[in-house]
Amino acid sequence: MFQHLLLLTGAAALVSAQGRPNSGPIPGCTTTSFQMPGWLITDLTYDTWGYNNLTFTWQNRATEKTGIASCSVALPAPTSGPKPTEYECEIDGSQSAKFWANVNDKDQVTIKASDTWSCNDRNPPTSNLTYTGTGTLTTPANLTCELLFEGRKLVKDCKSTSPSLLIKASLQSPVKLTPFYTEGVTGHNNPGCRSNPEWIISGISYLNQTGNGASSATFENLNLVINNPAIGYQASCVLTPGRTGRLRCSGSEFGRLRPDRYVVETSATLDLFTFEFSLNQTWYCDENDPATPISLTAGGSATLPIECHITEDTGDGTSSRSCRVPGDEDISVKGTVQSQKDLPAFSIVDPVLTADGCTVSSIFKPRWRFNYFHVDKGKEGKTSKVGFNIILSTSKSGLGFPLSITQGEKPVSLEGESDDGTWYRCVIGPYDPYEERLYPKECTLKWDEATQEITLRANWECSDLDESSPVQFSGVSTSKINSPLVCDTVEDFDEEGVIYTRVECVTEDPGYTWTAPIKDVKWT
């Protein structure tokens, strides 16, 4: 009986782990603060009329608050000590943002930023949570300058060569992390990204075999590779089932650590008798300036120099047609640009905002999700071990698998808890090191059989926003098992080889799942 229940419950664990679909991101201040904090810099100008005044407009990406910064970057040199490498800017109004800037002798601008803000876009409001971010322009901003005379003095009047600059922020609070940014769609920053379209077609092979319905089956297969050298992108193409001559092409757009906002899209057709080939492809470029990205759609066609060898019916009712390019040479297909579209600034390299993952869920609504609860009673009828499966409840954990935890052998003492022998260290089951760890790193548990309550003190970590610096969490949860337990008596051997009976129990409903809020959550 128990083994049957165990199998049912194990299956239910997998179903429950996979059964909740991912929800989308909650747009607004909180999501942006954790996943894409920073400042947009626009209207950057510089002149040497007075104290070399640098001015710009800034906007906090999370709160969308804006302001104007004015920086005197050539104040009189101090009477002693080195000249400052940066100068603090004056900010209009009572803003919490601070900026420091300088201009070098190559007319390049460096800017540092620091800001403190709060958000109230979640329910309940989270305005008591303070965010502090710091950041620096990744590369200095270039200026284009006009030289003018002010009387006998030669002065500069300059503006940024880019319409917009981005300062990415690292959070200092409420947690310390530097959000991961996407690599961007393949080839977006290649120097030749916008060059005249051309594709190299290679690896062409086609086989069409008729079957006799008995000893052989009808078989058709085509393979070719499309290479766009402008972006270093390759797509492998095969026939689309049921759609004669239409190809299905895919490349390196899959398998990224974080999804890109855009992917290279390729569509192609090949007439399997005339070998007239045509393709359309859309790709993305920001090699000139990440603030001015574009999408390009281009097309081309050519008759491929394919030759075929036909094997006639040899008496068994089968024949075949095998085709390829002589010498397996690569074929060049020239193309033309059909359309070009401007995209939002920095949209190629900005991360795609996602639903609340491990970090945000642990801060705002921390909960453990349990299933497969079981109790193993010893030969004296006392509870010897409890166990369960567990996973952190997040909006993104629909495809996560829970981890098994069982009670350790010996009681442990905990600081701040009475030493009554009811706390046990967790024995944590195996996990996939390549998956995000949505379960405790270490924990202790207490099971109260009379009230059917289980208390868990756990430590866990979240690396979903910053793999190089996981956030460490700790907290306590207490929950009641609101499902009757059904038990089975089994025989076992003790350490001396003597047979004894013990009782194993599971929840009456094999698929019973429950959640428990985590209290007293702390993080570092």
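The values are calculated or read from the model by the stated rules, or taken from the named source; none is laboratory data. All values derive from a computational prediction rather than experimental measurement. Virtual Cβ from ideal backbone geometry, glycine too; neighbours counted across all protein chains shown. Each accessible area value is taken on the protein alone, full model and side chains, heavy atoms only, with ligands, DNA and RNA left out. Shrake-Rupley method; radii C 1.70, N 1.55, O 1.52, S 1.80 Å.
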| request: Taking the residues in region 221-235 that are surrounded by 15 or more Cβ atoms within 10 Å (Cβ to Cβ) and among the small types (Gly, Ala, Ser) as candidates, determine which candidate is nearest to residue 271 (Cα to Cα). | output: 235
| request: Looking at (1) at pLDDT 90 or above; (2) open to solvent by less than 50 Å² (accessible area, probe 1.4 Å), find the lone condition where residue 240 falls short. | output: (1)
| message | I'd like to check something: does region 111-127 contain any residue that is of a type in the set (D, E, K, R) and modelled with pLDDT of 95 or more? | response | yes
| Quick one: what pairs do we get from region 171-186, first residue of a type in the set (Lys, Arg), second open to solvent by 10 Å² or more (accessible area, probe 1.4 Å) and not in a loop (DSSP other than H, G, I, E, B), C-beta under 8 Å, 6+ apart or different chains? | 176/170
| said: Scan region 502-513 and tell me whether some residue there is under 30 Å from residue 35 (Cβ atoms) and modelled with pLDDT of 90 or more. | reply: yes
| task | Would you please list the contacts, defined by Cβ atoms under 7 Å and residues six or more apart or on different chains, that run from a residue in region 409-437 that is more than 29 Å from residue 463 (Cβ to Cβ) and part of a strand (DSSP E or B) to a residue that is aromatic (Phe, Trp, Tyr) and modelled with pLDDT of 85 or more? | result | 411/423; 411/424
| When region 281-323 is examined, which residues are found to be of a type in the set (D, E, K, R) and either within 25 Å of residue 168 (Cα to Cα) or in a strand (DSSP E or B) (or both)? | 286, 287, 289, 307, 321
| request: With respect to residue 364, determine if the residue is among the aromatic types (Phe, Trp, Tyr) and within 21 Å of residue 29 (Cα to Cα). | output: yes
| Within region 45-60, can one find any residue that is open to solvent by 60 Å² or more (accessible area, probe 1.4 Å) and modelled with pLDDT under 95? | yes
| Members of region 315-341 that are in contact (Cβ under 8 Å) with a residue 40 or more places away in the chain, more than 17 Å from residue 281 (Cα to Cα) and either in contact with an Asp or Glu (Cβ under 8 Å, 6 or more places away or on another chain) or not β-branched (Val, Ile, Thr) (or both) | 316, 317, 319, 320, 321, 322, 323, 324, 325, 328, 330
| Can you tell me which of 494, 464 is in contact with a Gly (Cβ under 7 Å, 6 or more places away or on another chain) and not hydrophobic (A, V, I, L, M, F, W, C)? | 464
| task | Keeping to region 470-487, report how many residues are within 35 Å of the chain's Cα centre (by Cα), open to solvent by 50 Å² or more (accessible area, probe 1.4 Å) and more than 15 Å from residue 370 (Cβ to Cβ). | result | 1
| remark: Taking region 88-103 and keeping residues of a type outside the set (Gly, Ala, Ser) and at pLDDT 90 or above leaves 88, 89, 90, 91, 98, 99, 100, 102, 103
| message | Looking only at region 426-445, filter to residues that are modelled with pLDDT of 90 or more and open to solvent by 60 Å² or more (accessible area, probe 1.4 Å); which one of those is farthest from residue 359 (Cα to Cα)? | response | 427
